[in-house]
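The values are calculated or read from the model by the stated rules, or taken from the named source; none is laboratory data. Please read these numbers as outputs of a predicted model, since none were measured by experiment. Here the Cβ is made from the backbone with ideal geometry for all residues, glycine too, and neighbour counts use every protein chain on show. Heads up: the accessible areas ignore ligands, DNA and RNA and are worked out on the full protein's heavy atoms, side chains in. Shrake-Rupley method; radii C 1.70, N 1.55, O 1.52, S 1.80 Å.
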Amino acid sequence: MNNPNNPIFPYLPHDIPLPLPTGGMDAIIVPVFHILLVVSFLVHIIFINVLLGSSVLSVINNWIGHLKNDKNYDKVAYLLTTPVTISENMGALWGVAPLLIVSVMYTAFFYSASVMNSPQWLHIIWGNVVAFLISYLYKFTWHKLENHKALHITIGAIAAILFLSLPPVFMSTVQLYITPSTWTPNTHFWDVVSRPDVLFRLAHFYLGAFAVNGMFMLLYGVYKKSKGQDLEAANILIRQGKAWFLVPTVLNLFVGTLTFFQFPNYGIENFYSKGFEVFIIIAVISILGAIAILLKEFFNDNISPKHAYLAAGLLLVTLISMGITRHGMRISLLEPAIAQMQKQTQEYLAAVEKDYKEAKTKPVGISVAEAANLSEGEKLIAKNGCTACHAVDTKIVGPAFKDVAKKGYTPDRIVKLIYQPEPSNWPGYTPMPPMTNVPKDEAEKIAKWITELK
């Protein structure tokens, strides 16, 4: 709905919302929805981070092992294929929960964004399936293709590239549904994915993914070392894990700040008014603690498991805080939009009720005797139900036919408007539904009759 009176949300649809399935327990169920959304997303994103990071670093270590003819790097690459396949399964499974909750709580926004981003939004499905199958091919042909490393590395790289191609589609849809102030009648995927707010969020996400995977590699290496297994490979995991955690995390301190200030001003103001900035402070303090621990242990391959677990715990605190921050920004951005949409809904329902009551007081039917004197055009508009909303020279629900004639439309234009109405042509009237039931030849005769009205 084009609402020129609201400069912030001019294209919000009016919505007649269904109640949340609370069973009358709104005070309990609605907060639970918010908690489940944050928790399910956090579990999902941790698996996705490990999936993306491990898929890329497996290929990198496979290539390094091939160049150096070092079996230890090859071993690291092979070890990283297991978290890829496990995380792909778990990430997809846990990803269903936040999508379902979002589609229930923010239906009009999520649905609208999905439509605007189609068909690229469907890439999440086929891209994920193909990447999943290729990643299994990469893992289970490891020994068979041992003497064909170029082919094997290519297979792994294709899987990694496909996995990396999914976040831009997902991120553009998410960013679009939480920023309805950016909607236009012509918004589509390529517009959204190239926006600064989406690009910054993508950079923030990819850096975060490699940082989380770096912590996973560190813990994996510490675990292997504690069991006395694959000691050289474990050392590589520990070294790479610390580096892949520290570098992206330090960069993200700057990128994350820039990302935050890409959101619309009204959302940032609402965010601060609700006190969500506390969780940003907690996240920054905890991640600085993790950075300090690993910087101190950076050149120590025999890092204390206690220190590694403490750094991982601080990272988890950061992730939880950022998850709450993310949800806080979603609430802050959508709250005024929801209020505006509810207002438009009430206005729409009031207009429909008013038009209905007025229509009931006006005679729109015709008698048999009157029908005998009607022109062919008048008979056709009565036959096709047009007189339920229109009269020749008076407004009912829709405009009078003579008012339509005054617009100067051609017959072809009127036929098109019968099948594809444009409510923006008649502001203040109840939108007309498409009259696809009218046969083409009858629509043409009706259109000709309208243009001949004086």
Where L251 falls short, out of the listed (1) under 24 Å from the mean Cα position of the chain (by Cα); (2) open to solvent by 20 Å² or more (accessible area, probe 1.4 Å); (3) more than 18 Å from A312 (Cα to Cα): (1)
Yes/no for R239 being within 18 Å of the chain's Cα centre (by Cα) and either open to solvent by less than 10 Å² (accessible area, probe 1.4 Å) or among the charged types (D, E, K, R) (or both): no
Residue count, segment 111-127 (criterion: of a type in the set (F, W, Y) and open to solvent by 60 Å² or more (accessible area, probe 1.4 Å)): 2
All helices (runs of 4 or more DSSP H) inside segment 349-454 with 3 or more residues being surrounded by fewer than 16 Cβ atoms within 10 Å (Cβ to Cβ) and modelled with pLDDT under 85: 368-372
Flag if L100 is part of a helix (DSSP H, G or I), hydrophobic (A, V, I, L, M, F, W, C) and out of contact with any helix residue (DSSP H, G or I) (no Cβ under 8 Å at 6 or more places or on another chain): yes
Among residues of segment 290-319, those that are surrounded by 17 or more Cβ atoms within 10 Å (Cβ to Cβ) and touching a residue at least 40 places away in the same chain (Cβ under 8 Å), counted: 10
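Among the candidates A108, A92, which residue alone is open to solvent by 30 Å² or more (accessible area, probe 1.4 Å) and either in contact with a Gly (Cβ under 7 Å, 6 or more places away or on another chain) or at pLDDT below 95 (or both)?
A92
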Some residue of segment 9-31 being among the polar types (S, T, N, Q), surrounded by 11 or more Cβ atoms within 10 Å (Cβ to Cβ) and at pLDDT below 85: yes
Test: residue in segment 148-157 that is closer than 30 Å to F261 by Cβ, part of a helix (DSSP H, G or I), modelled with pLDDT of 95 or more and of a type in the set (A, V, I, L, M, F, W, C): no
Selection from segment 67-83 of residues that are outside any helix (DSSP H, G or I), open to solvent by less than 60 Å² (accessible area, probe 1.4 Å) and not charged (D, E, K, R): L80
Residue list for segment 97-117, filter: among the small types (G, A, S) and in contact (Cβ under 8 Å) with a residue 40 or more places away in the chain: A97, A108, S112, A113, S114
Condition met for I86 (surrounded by fewer than 16 Cβ atoms within 10 Å (Cβ to Cβ) and assigned to a helix (DSSP H, G or I)): yes
Selection status of A92, more than 30 Å from I158 (Cα to Cα) and in a helix (DSSP H, G or I): no
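Report whether or not I287 is open to solvent by 40 Å² or more (accessible area, probe 1.4 Å), under 28 Å from L199 (Cβ atoms) and at pLDDT 95 or above.
No, not satisfied.
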Cross-chain or 6+ apart pairs with Cβ under 7 Å, segment 52-79 first and farther than 16 Å from S135 by Cα, then aromatic (F, W, Y) and open to solvent by less than 70 Å² (accessible area, probe 1.4 Å): I64/Y73; G65/Y73
